[in-house]
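The values are calculated or read from the model by the stated rules, or taken from the named source; none is laboratory data. Because the structure is a prediction, the values reported are computed rather than measured. Here the Cβ positions follow ideal geometry from the backbone for every residue, glycine too, while neighbour counts run over all protein chains shown.
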Amino acid sequence: MIPKLLLVLPCYNEEAILHITNTKLNDFCDSLISRGLISNESRICYVNDGSRDATWDIIEALAATNPRVLGVKLSRNFGHQNALLAGLFEYKGLFDCYISIDADLQDDLNAIIPMLEKYREGASVVYGVRDDRSSDTFFKKFTAETFYKMMLWLKVPVIFNHADFRLIDNRVLTELENYREVNMFIRGIIPTIGLKSEKVFYKRLEREAGETKYPLKKMLTFAWNGVTSFSVMPMRFVLWFGAFSFVLSAILAIYVLYTKFAGVTTAGWTSTLLMMAFFNGSNMLAIGLIGEYIGKIYEEVKARPRYIVEKSSPVRD
Ligand code: UDP
Ligand code: MG
């Protein structure tokens, strides 16, 4: 069966590039359709994420003249991740597979062909992975790669150098809806869903028009959100640090007592130092312990699904 594909593109102040993007995407879809890779009921969906420029007017005009184009308008700027989710959930169940891609087409469209191929071979998720960042500035490459390394070190289940260019099937989209957290860090969630996944490698291209909508501040907020929605490691560091300073205070106590009995201290020094070391250590330890419990509460509050059944046998009589 030829799959019905939905392409979802979040757009924030993208008036400079939207026409270029749309022409390219339509030509690309035409070629996919003529090669029998996607059905001609496939669609392109632009999600306007509260842009302050003419982005929505352009999307509306495109949708009015081209039945292949769908537009979703958010009431304000909700951020890239939420815009993506809005586009996906708006058309849930109506398509066989969904590909999310940035509006600037920095992700190579040609990677979609192997993505569809892996989907046909049974993959529910196909990650687009950038294996060549030569077009990125040193700064972007460095910050992005440090981000992935740090995430992996903190045990956040991201795929190295995979952003939000991916194919998911309708099954994954249904499961994604069961993740009830408000701060959805999509590229961390998808790998936790499981099911059969594949990777496709591509070269990241340059932005053709307009500028990045991810300045350093947004990147840092994004990274921090990723860490705190997946990892209790920062809190665990406090616990380790507490345990360490507790041990240190015990060693200090031995030293202080030794100097006292050796008679080389001034009056009051011993008791002050002992108290300080002991209470600092135990405070830190207690904060770390409380942190562990808050971490548990936090896991519960997110109410993620406990498990996902891929298949099961039907009951027969
Ligand atoms: N974007 C969005 N909302 C935002 C910021 C960005 O929908 O608040 C979209 C943006 O229009 C683009 C995608 O997210 O389609 C990625 O942004 P960009 O290309 O500027 O990021 P970069 O490639 O520089 O990391
Ligand atoms: Mg970009």
- Task: Restricting attention to segment 34-50, report how many residues are buried (at least 17 other Cβ atoms within 10 Å of the Cβ) and more than 24 Å from the chain's Cα centre (by Cα).
- Result: 4
- Message: Residues that are away from ligand 2 (no atom under 16 Å from the Cβ) and of a type in the set (A, V, I, L, M): does segment 208-221 have at least one?
- Response: yes
- Among the candidates Phe160, Phe147, which residue alone is under 30 Å from Pro3 (Cβ atoms) and touching a residue at least 12 places away in the same chain (Cβ under 8 Å)? Phe160
- Task: Tell me, please, whether a residue that is in contact with a Gly (Cβ under 7 Å, 6 or more places away or on another chain) and either closer than 23 Å to Leu74 by Cβ or free of Cβ contacts under 8 Å to residues at least 40 places away in the same chain (or both) can be found in segment 111-123.
- Result: no
- Please tell me if Thr192 is more than 16 Å from ligand 1 (Cβ to nearest atom) and among the hydroxyl-bearing types (Ser, Thr, Tyr). yes
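To keep it simple, each residue is scored yes or no on (1) loosely packed, with under 14 Cβ neighbours inside 10 Å; (2) out of contact with any Lys or Arg (no Cβ under 7 Å at 6 or more places or on another chain); (3) not aromatic (Phe, Trp, Tyr).
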residue	(1), (2), (3)
Phe222	no, yes, no
Asn225	no, yes, yes
Thr228	no, yes, yes
Ser231	no, no, yes
Leu248	yes, yes, yes
Leu274	no, yes, yes
- Any chance Ala111 is farther than 25 Å from Val200 by Cβ, outside any loop (DSSP other than H, G, I, E, B) and either more than 10 Å from ligand 1 (Cβ to nearest atom) or more than 16 Å from the chain's Cα centre (by Cα) (or both): no
- Look at Tyr119 and say whether it is within 16 Å of ligand 1 (Cβ to nearest atom), touching a strand residue (DSSP E or B) at 6+ places or on another chain (Cβ under 6 Å) and hydroxyl-bearing (Ser, Thr, Tyr). no
- When restricted to Asp57, Asp104, Asp96, Asp27, the only residue over 23 Å from Asn183 (Cβ atoms) and at pLDDT below 90 is Asp104
- Message: Glu292 - would you say it is surrounded by 13 or more Cβ atoms within 10 Å (Cβ to Cβ), at pLDDT below 80 and of a type in the set (Asp, Glu)?
- Response: yes
- Query: Just checking, which of Ala209, Ala144 is within 15 Å of ligand 1 (Cβ to nearest atom), at pLDDT below 80 and hydrophobic (A, V, I, L, M, F, W, C)?
  - Reply: Ala209
- Task: Select from segment 114-143 the residues that are in a helix (DSSP H, G or I) and either away from ligand 2 (no atom under 16 Å from the Cβ) or in contact with a helix residue (DSSP H, G or I) (Cβ under 8 Å, 6 or more places away or on another chain) (or both) and list them in ascending order.
- Result: Pro114, Met115, Leu116, Glu117, Lys118, Tyr119, Arg120, Phe138, Phe142, Thr143
- Task: Would you mind stating whether Arg236 is in contact (Cβ under 8 Å) with a residue 12 or more places away in the chain and within 16 Å of ligand 2 (Cβ to nearest atom)?
- Result: no
- Considering only segment 1-24, state which residues are crowded, with 16+ Cβ neighbours inside 10 Å, of a type in the set (S, T, N, Q) and not in a loop (DSSP other than H, G, I, E, B). Thr21, Asn22
